[in-house]
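**Q** Below is one structure. I have some questions about it.
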Amino acid sequence: MAGLSLKHVYKVYSGRKTTTKNPVKLLINQIKKKKNTTRTPTVEKRSGDFVAVKDFNMEIEDGEFIVFVGPSGCGKSTTIRMIAGLEDISKGELFIDGRLVNDVAPKDRDIAMVFQNYALYPHMSAQKNIEFALKLRKIPVEKKDKDGNPVFAIDKKKIKDIKEKIRTVEFDLEEYEDEEYKQILTERKAALEKDLKYYSETPVQAYSYKHMKKDEIAAKVQWAAKILGIEELLDNKPAEMSGGQRQRIALGRAMVRGPKVFLLDEPLSNLDAKLRTSMRMEIVKLHKELKTTFIYVTHDQIEAMTMGTRIVVMKLGVIQQIDTPTNLYDFPENKFVAGFIGTPQMNFFDVSIKKAGTKLQTTFANGQTLNFSLGNLRGIDKAYLDGNSHEVTLGIRGEHISFAQDGAINNKTALNTTLNVKEVLGNITQLFVRITADGPDYIVSVPERNDYASGDKISIAFKESSIHLFDRETELSIMNREIGNK
Ligand SMILES: Nc1ncnc2c1ncn2[C@@H]1O[C@H](COP(=O)(O)OP(=O)(O)OP(=O)(O)O)[C@@H](O)[C@H]1O
Ligand SMILES: [Mg+2]
């Protein structure tokens, strides 16, 4: 069991393909009189400074279930692979259980990783697949002298590893020209040289490595099989098992190693929807039983919401928000998180707001001005309540919109819309309404069925305490978490 600490962690990939303007293609297009084309022709160019993960900071407590979520390419796998040690950390520090592990080999980090492709050995039974790593693995045993005291010695293997890493960095320094990347490499080289000096001068506790005993291995496999409910499958080969069963074997293989941290990168994405749901619950149960730290990567926000004790929402390599599932849903700190978490997506209206007494006058694109009670809204940054008009984005989820009651029009709390499309989903009805003829559509999600048809006029009302406001430019929330403006 272990806590983790990531401090200013960066991942810079060198030699990534990027796109740039190509003057030759531009010219050809002009000659072909394709002047109305809005897309700039592009060509691939290799450049040395693609930042896949940027300034990742997080403290993970022992035993937490952390989920990394975000759209494809946002750096989830890169981050988890850095934690596993499968990718070098370009800059920053990673601590597992208080120990700096940037330069510790994956096998010495006490972590176990389960991937989307569980990659079981097809010719081996489930039992053999699970115990395989244990059979290969040598367990470190403290070296003792004849009086039983620990032995200290210079760690030659460590020194060799560090020298090898320095050589790689030096090679990259010669290869790449990008100044920012060079700076990162130079800092890394300096850190490695410091380590080299330390390990060359300082004797560290010495270990010898021994294989695990057969009966110990068997007991471990039995323990994992029992928790995972796969005892009857142990003699089966992967081809004789379902996707879910195979994924359980992969989990078993990770479990028997008794890791301090479980890393799971989209382990369920190859399974069908029903199996995903049941395996999702299995993994949550497993976490409860093992009480170990889990880090789980997914781009499925339902998985994130149902599994995580805390969720990290990422976009383009940058953390957007770290919070509990309900806080992410209730208090998104920016428009991206607001739109990413929750199905259907939150509605966003471009509005201008102005404080008038105890009301927030809110003008919509159709020219209507509604009056919301400041006392019912979450607290708004004072700068936006100075009596002037401010352009902001109003966010509201479909389930927080209802059909307006009589009198709402007079109270200026109902927005006039026209129904575009209606979808009856059985448990709820989704209405896609517009406030201007050419859209966009806003989703209203109501529990009751109704007789509205396309083209009907519908007045809708917002649950005031569930209104979100974001600065139009920065897209950051301008609200705090408390209801009421003083
Ligand atoms: N070896 C590499 N070399 C160069 N760029 C890479 C490399 N691996 C990943 N990238 C880039 O880094 C970014 C982050 O990739 P990463 O695999 O971490 O994304 P992800 O969030 O896991 O996405 P997905 O949901 O698709 O798995 C992407 O833009 C990707 O193209
Ligand atoms: Mg990935």
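**Q** Where q = 0.05, 0.10, 0.12 Å⁻¹, what log10 of I(q)/I(0) comes from the Debye formula for the chain, counting one point per Cα?
**A** The calculated log intensity ratios at q = 0.05, 0.10, 0.12 Å⁻¹ are -0.29, -0.98, -1.19.
**Q** What list of ³J(HN,Hα) couplings, whole Hz, do you get for region 151-159 from phi and the Karplus terms 6.51, -1.76, 1.60, once you set θ to phi - 60° and write x for glycine and proline?
**A** For region 151-159, the Karplus-derived couplings read 9, 10, 7, 5, 8, 5, 5, 4, 4 Hz, x marking Gly and Pro.
**Q** So if R0 is 60 Å, what FRET efficiency would Glu93 and Asn410 give, r being the distance between their Cβ atoms, rounded to the nearest 0.05?
**A** 0.50
**Q** 5 Å is the cut-off here: which amide hydrogens, built 1.01 Å from N in the peptide plane, fall below it relative to Gln116, excluding neighbours closer than 5 in sequence?
**A** Asp265
**Q** Can you pull the semi-axes for region 97-210, root of five times each eigenvalue of the Cα gyration tensor, sorted largest first, whole Å?
**A** 32, 26, 11
**Q** Full extension from Asn388 to Lys194: what is 0.36 nm times the residue separation minus their Cα-Cα distance, to one decimal in nm? It would help to have the intermediate numbers written out before the result.
**A** Values: separation 194, 0.36 × 194 = 69.84 nm, distance 5.70 nm.
The span from Asn388 to Lys194 would gain 64.1 nm if fully extended.
**Q** Next question, about the same structure. Compute the distance from the alpha-carbon center of region 201-265 to that of region 91-137, in whole Å.
**A** 10
**Q** How much length is gained if the chain between Lys163 and Asn420 is pulled fully straight, taking 0.36 nm per residue apart and subtracting their Cα-Cα distance, in nm to one decimal?
**A** 85.9 nm
**Q** If you take the beta carbon distance between Gln345 and Lys285 as r and set R0 to 41 Å, what does 1/(1 + (r/R0)^6) give as a FRET efficiency, to the nearest 0.05?
**A** For Gln345 and Lys285, the calculated efficiency is 0.85.
**Q** Please give every one of the aspartates and glutamates within straight-line cross-link reach of Lys165, meaning a C-alpha to C-alpha distance under 18 Å, and leave out same-chain neighbours fewer than 8 residues apart.
**A** Output for Lys165: Glu87, Asp88, Glu93, Asp103, Asp108, Asp155, Glu174, Glu175, Glu187, Glu193, Asp195.
**Q** Using modelled amide H (1.01 Å from N, peptide plane; none on Pro or chain starts), what sits under 5 Å from the amide H of Asp155, excluding residues fewer than 5 places away?
**A** Distant-sequence amide H within range of Asp155: Val204.
**Q** Quick one: Karplus J couplings for region 415-428, per residue in order, coefficients 6.51, -1.76, 1.60, θ = phi - 60°, nearest Hz, x for Gly and Pro?
**A** Once θ is set to phi - 60°, the couplings for region 415-428 become 9, 7, 9, 10, 6, 9, 9, 10, 10, 9, 9, x, 6, 9 Hz.
**Q** So how far apart, in nm, are the two label points at Lys182 and Asp330 if each is 7 Å from Cα heading toward Cβ?
**A** 5.2
**Q** Here's another thing I want to ask about it. In nm, to one decimal, how far is the Gln205 label point from the Arg472 one, both placed 7 Å along Cα→Cβ?
**A** Here the answer is 6.2 nm between the modelled labels.
**Q** For the chain, what is the mean residue ellipticity at 222 nm derived from helices alone (per DSSP H run of n ≥ 4: -39500 (n - 2.57); sum divided by total residues; nearest 500 deg cm²/dmol)? All intermediate terms of the calculation are to be shown ahead of the outcome.
**A** Values: 11 runs with 137 residues, N = 486.
Result for the chain: -9000 deg cm²/dmol, rounded to the nearest 500.
**Q** If you take every DSSP beta bridge whose two residues both sit in the chain, what share of them, in percent to the nearest 5, is antiparallel?
**A** Bridges in the chain that DSSP calls antiparallel: roughly 80 percent.
**Q** If you don't mind, another one. Please list 3J(HN,Hα) in residue order for region 367-373, calculated via the Karplus relation 6.51 cos²θ - 1.76 cosθ + 1.60 where θ = phi - 60°; whole Hz, with x for glycine and proline.
**A** x, 6, 10, 9, 10, 9, 7
**Q** Sticking with this one: Less than 13 Å Cβ to Cβ from Ala126, Lys/Arg counted +1 and Asp/Glu -1: what total charge do the surrounding residues give?
**A** Numbers: positive: Lys128, Lys237, Arg246, Arg248, Arg253; negative: Glu131, Glu231, Glu232, Asp235, Glu240.
Value of the local net charge: 0.
**Q** Here is a further query. May I ask you to derive the FRET efficiency for Val151 and Met58 from their Cβ-Cβ distance with R0 = 41 Å, giving the value to the nearest 0.05?
**A** Using R0 = 41 Å, I get an efficiency of 0.65.
**Q** What ranking of Phe372, Phe56 emerges when the number of other C-beta atoms within 10 Å of each C-beta is taken as an exposure proxy, fewest first?
**A** Values: Phe372 19, Phe56 24.
Taking fewest neighbouring Cβ atoms as first place, the list is Phe372, Phe56.
**Q** Can you put Ser445, Ser402 in order of Cβ neighbours within 10 angstrom, beginning with the fewest?
**A** Ser402, Ser445
**Q** Per 5 Å bin, what is the whole-percent P(r) computed from every C-alpha pair distance within region 285-348?
**A** 4, 16, 29, 25, 13, 7, 4, 1, 0
**Q** Further question: Sorting Lys315, Lys288 on the 10 Å Cβ count, fewest up front, what's the list?
**A** Ascending number of Cβ neighbours within 10 Å: Lys288, Lys315.
**Q** Could you list which residues have their amide H under 5 Å from that of Tyr296, counting only those 5 or more apart in sequence or on another chain, with H placed in the peptide plane?
**A** Ile66, Val67, Phe68, Leu264
**Q** Further question: What net charge is computed for the residues neighbouring Val421, neighbours being all others with C-beta under 11 Å from the C-beta of Val421, Lys and Arg scored +1, Asp and Glu -1?
**A** 0
**Q** Still on this model: Given the Cα-Cα distance of Asn376 and Glu216 and 0.36 nm per residue of separation, how much length would full extension add, in nm?
**A** Working: separation 160, 0.36 × 160 = 57.60 nm, distance 6.21 nm.
Once the chain is fully extended between Asn376 and Glu216, it gains 51.4 nm.
No lab work stands behind these numbers, since they all come straight from the coordinates. Note that this is a predicted model, so its numbers are computed, not measured. Reconstructed Cβ throughout: ideal geometry from the backbone, glycine too, with neighbour counts over all protein chains shown.
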